[in-house]
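Data first, discussion second: the structure below is written as structure tokens.
FYI, it's all coordinate maths here, none of it is from the lab. Quick caveat, the model's predicted, so the values are computed rather than measured. Reconstructed Cβ throughout: ideal geometry from the backbone, glycine too, with neighbour counts over all protein chains shown.
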Amino acid sequence: QVQLVESGGGLVQPGGSLRLSCAASGSIFSINVMRWYRQAPGKQRDLVATITNANSPNYADSVKGRFTISRDNAKNTAYLQIDSLKPEDTAVYYCNAALKQYSWSKMNNYWGQGTQVTVSS
């Protein structure tokens, strides 16, 4: 089976920084796109950043300039560096990966359990 485990969330003051990690483990042949989403209380889950297996990033307009997505393909891990945190960044951050478990299998999407980021003074 495949597991995605996020870590790195926590309580941080406005203006602070966090680095989230998403480690994929299990039977993995290849990972295509890795994405970070976030969901604030009472709101829908929104895509914030995407990175391809060629390390090409893309960001939601709302986070450009403050969020940086990266990945280590050797470790099957994606990262999200969040700088200049604002209270409106408070949300559960979820990792998503489109991957193949085996060379012959189709591409499937997998989700992590989420990590809470709270920005408050």
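Observations
- Dipole axis of the chain (+1 Lys, Arg; -1 Asp, Glu on Cβ), positive-most option in ALA98, ALA78, GLN116: ALA98
- About its Cα centre, the stretch 30-115 has a charge dipole of approximately 220 debye under the convention of +1 per Lys or Arg Cβ and -1 per Asp or Glu Cβ, with nothing else charged.
- Put simply, the amide H of ALA49, placed in the peptide plane, has neighbours under 5 Å in TRP36, ALA60, leaving out anything fewer than 5 places away on its chain.
- Computed over neighbours whose Cβ is under 12 Å from that of ASP89, the net charge equals 0, Lys and Arg +1, Asp and Glu -1.
- Net charge of Cβ neighbours under 15 Å - reference THR115; Lys, Arg +1; Asp, Glu -1: +2
- Length gained when the stretch ASN53-SER84 is fully extended (0.36 nm per residue, less Cα-Cα span): 8.5 nm
- The mean sequence distance of close C-alpha pairs (under 8 Å, at least 6 residues apart), as a share of the length of the chain, puts its relative contact order at 37 percent.
- Only one residue of ALA23, VAL12, VAL33 has its Cα farthest out toward the positive end of the dipole of the chain, where Lys and Arg carry +1 and Asp and Glu -1 on Cβ, and that residue is VAL33.
- Integer Hz, Karplus 6.51/-1.76/1.60 couplings in order for the stretch 54-70, x for Gly and Pro: 9, 6, 9, x, 8, 10, 5, 4, 5, 10, 4, x, 10, 9, 10, 9, 8
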